[in-house]
Amino acid sequence: MSQPAYIALHASGELAERARQLQAVLRDCTLCPRCCHANRMQGEIGKCRSTAEIIISSAGPHFGEEPELVGLGGSGTIFFTNCNLWCLFCQNYEISHLKMGLAVSTAELAKQMLYLQSRGCHNINLVTPTHFVPQIVEALECAAERGLQIPLVYNCGGYESVETLRWLDGIIDIYMPDIKYSNDAHARRYSGVKNYWQHVRPAVQEMHRQVGNLKINRWGLAERGLLIRHLVLPNNLAGSETILHFIAEEISPDSYVNIMEQYHPAFKAPYLPELARRVSRVEYHRVIELARELGLHRGLAEA
């Protein structure tokens, strides 16, 4: 297995320097496209509902992720509390909206990373990490010093700042964005953000520039690259066709794409008629077939 990218940055001292510089961003927060300018270091709450205090809801081996992340030992997931998206159908709303979790220090976060490695997890899977990037990099510096050497997965909702992603160049091994919408009006209505499509495209392009297409080793495990998720929504509210055209034509036809069908009406979705049902098999198969017609072929379920 190849060495994760962040080890070289740690050895050179660059990782510690980036951690130091990123802390300054928390005093005038522009980590995500919301650019709320909260002074989170002074206890102000950003649009992500967070101060500078790290809150996690859980950490442990996860066997429900893509097979290339799970392997035999599981994906070492750390679920961060709160989110920069306000999805009305969030399936983890207790964490993202209701702030379920416990505060930890960066030293404790580093210990969690090392614990997951000791359990035999194949990677550290940072779930909803955007609003805690400075703290994660600081914890990573500590963990790398103590022997962390498995890939980092950046598991996000796609509403990312290119500037923040550039800070992560050479740190993140596997980017795993969920491209949620191609329709900005739907993104505003159902996830509470402006200009989602305008931001997600350059963000995913930057991720691909950094790590390329997903590379899988001889043991079937992902080592580096871009793994894209797309959750199909009922009534084509996600705008799946436009998203797939973007991936095939502006990222790569060799992109690994997991088109997901597990949507169910959670949180406030049961009260919204257009979201109050599961995706039909016809809707889901139509998206899979379109992906194949566009030349996408990696990660797709059988239609």
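The values are calculated or read from the model by the stated rules, or taken from the named source; none is laboratory data. Keep in mind that this is a model prediction, so the values were computed, not measured. For neighbour counting, all protein chains shown are included, and Cβ atoms are generated from backbone atoms with ideal geometry for every residue, glycine included.
If I go through the range 169-201 residue by residue, how many of them are among the hydrophobic types (A, V, I, L, M, F, W, C) and over 21 Å from Thr77 (Cα atoms)? It would help to see each step written out before you state the result.
Let us first name the residues in the range 169-201 that are among the hydrophobic types (A, V, I, L, M, F, W, C), namely 171-172, 174, 176, 179, 185, 187, 193, 197, 200.
With the extra rule that they be over 21 Å from Thr77 (Cα atoms), the set shrinks to 185, 187, 193, 197, 200.
Within the range 169-201, residues that are among the hydrophobic types (A, V, I, L, M, F, W, C) and over 21 Å from Thr77 (Cα atoms) number 5.
Do we find that Ala59 is among the aliphatic types (A, V, I, L, M) and surrounded by fewer than 18 Cβ atoms within 10 Å (Cβ to Cβ) in this structure? Steps first, answer last, please.
Values: among the aliphatic types (A, V, I, L, M): yes; surrounded by fewer than 18 Cβ atoms within 10 Å (Cβ to Cβ): no.
Here the answer is no, as Ala59 does not meet what is asked.
Which of the residues that make up the range 190-232 are in contact with a Leu (Cβ under 8 Å, 6 or more places away or on another chain), free of Cβ contacts under 8 Å to residues at least 60 places away in the same chain and under 23 Å from Glu283 (Cα atoms)?
His230, the sole residue that qualifies.
If Glu223 satisfies every condition in (1) farther than 23 Å from Leu72 by Cβ; (2) more than 15 Å from the chain's Cα centre (by Cα) but one, which is the exception?
(1)
Quick one: what pairs do we get from the range 239-254, first residue at positive phi, second outside any helix (DSSP H, G or I) and aromatic (Phe, Trp, Tyr), C-beta under 8 Å, 6+ apart or different chains?
Gly239/Tyr181
Which members of the range 5-28 meet the condition of being in contact (Cβ under 8 Å) with a residue 24 or more places away in the chain and hydrophobic (A, V, I, L, M, F, W, C)?
Ala5, Ile7, Ala8, Leu9, Leu15, Ala16, Ala19, Leu22, Val25, Leu26
Considering only the range 110-155, state which residues are among the polar types (S, T, N, Q), more than 20 Å from Thr30 (Cβ to Cβ) and assigned to a loop (DSSP other than H, G, I, E, B). Outline the logic, then answer.
So in the range 110-155, the residues among the polar types (S, T, N, Q) come out as 112, 117-118, 123, 125, 128, 130, 135, 149, 155.
Now drop any that are not more than 20 Å from Thr30 (Cβ to Cβ), which leaves 112, 117-118, 123, 125, 149, 155.
If the condition is that a residue be among the polar types (S, T, N, Q), more than 20 Å from Thr30 (Cβ to Cβ) and assigned to a loop (DSSP other than H, G, I, E, B), then Asn123, Gln149 are the ones that fit.
Can you list residue pairs whose Cβ atoms sit under 9 Å apart, with the first residue in the range 88-100 being on the phi > 0 side of the Ramachandran plot and the second being of a type in the set (A, V, I, L, M) and surrounded by 16 or more Cβ atoms within 10 Å (Cβ to Cβ)? Count only pairs 6 or more apart in sequence or on different chains.
Correct list of pairs: Lys99/Ile55.
Do we find that Ala238 is of a type in the set (A, V, I, L, M), crowded, with 20+ Cβ neighbours inside 10 Å, at pLDDT 95 or above and over 24 Å from Pro151 (Cβ atoms) in this structure? It would help to see each step written out before you state the result.
Working: of a type in the set (A, V, I, L, M): yes; crowded, with 20+ Cβ neighbours inside 10 Å: yes; at pLDDT 95 or above: yes; over 24 Å from Pro151 (Cβ atoms): yes.
Yes: the conditions hold for Ala238.
In the range 169-181, what residues are under 15 Å from Thr128 (Cβ atoms) and among the hydrophobic types (A, V, I, L, M, F, W, C)? If you could, list the steps in order and put the result at the bottom.
Of the residues in the range 169-181, the ones under 15 Å from Thr128 (Cβ atoms) are 172, 175-178, 180.
Answer for the range 169-181, where residues must be under 15 Å from Thr128 (Cβ atoms) and among the hydrophobic types (A, V, I, L, M, F, W, C): Ile172, Met176.
Quick check on my filter: what residues within the range 156-202 are under 21 Å from Cys36 (Cα atoms), among the aliphatic types (A, V, I, L, M) and in a loop (DSSP other than H, G, I, E, B)?
Selection gives Leu168, Val193.
A quick yes/no check of all residues on (1) buried (at least 18 other Cβ atoms within 10 Å of the Cβ); (2) under 24 Å from Val257 (Cβ atoms):
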site	(1), (2)
Glu65	yes, yes
Val70	yes, yes
Ser75	yes, yes
Phe79	yes, yes
Cys83	yes, yes
Cys87	yes, yes
Gln91	no, yes
Glu94	no, no
Leu102	no, no
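Say we look at the range 258-277 and pick out the residues that are in contact with a helix residue (DSSP H, G or I) (Cβ under 6 Å, 6 or more places away or on another chain) and over 16 Å from Asn235 (Cβ atoms); which of these is surrounded by the fewest Cβ atoms within 10 Å (Cβ to Cβ)?
By that ranking, first place goes to Phe267.
Within the range 197-220, take every residue that is polar (S, T, N, Q) and surrounded by fewer than 18 Cβ atoms within 10 Å (Cβ to Cβ) and give me the one that is nearest to the chain's Cα centre (by Cα). Even if it seems obvious, please write down each step before you answer.
Keep residues of the range 197-220 that are polar (S, T, N, Q), which gives 198, 205, 210, 213, 217.
Filter again for surrounded by fewer than 18 Cβ atoms within 10 Å (Cβ to Cβ), leaving 198, 205, 213, 217.
Values: Gln198: 18, Gln205: 14, Asn213: 16, Asn217: 22 Å.
The qualifying residue nearest to the chain's Cα centre (by Cα) is Gln205.
Evaluate the following for Gly170: is it within 19 Å of Asn125 (Cα to Cα), small (Gly, Ala, Ser) and more than 12 Å from the chain's Cα centre (by Cα)? Give the derivation first.
Working: within 19 Å of Asn125 (Cα to Cα): yes; small (Gly, Ala, Ser): yes; more than 12 Å from the chain's Cα centre (by Cα): yes.
Considered against the rule, which asks whether it is within 19 Å of Asn125 (Cα to Cα), small (Gly, Ala, Ser) and more than 12 Å from the chain's Cα centre (by Cα), Gly170 comes out as yes.
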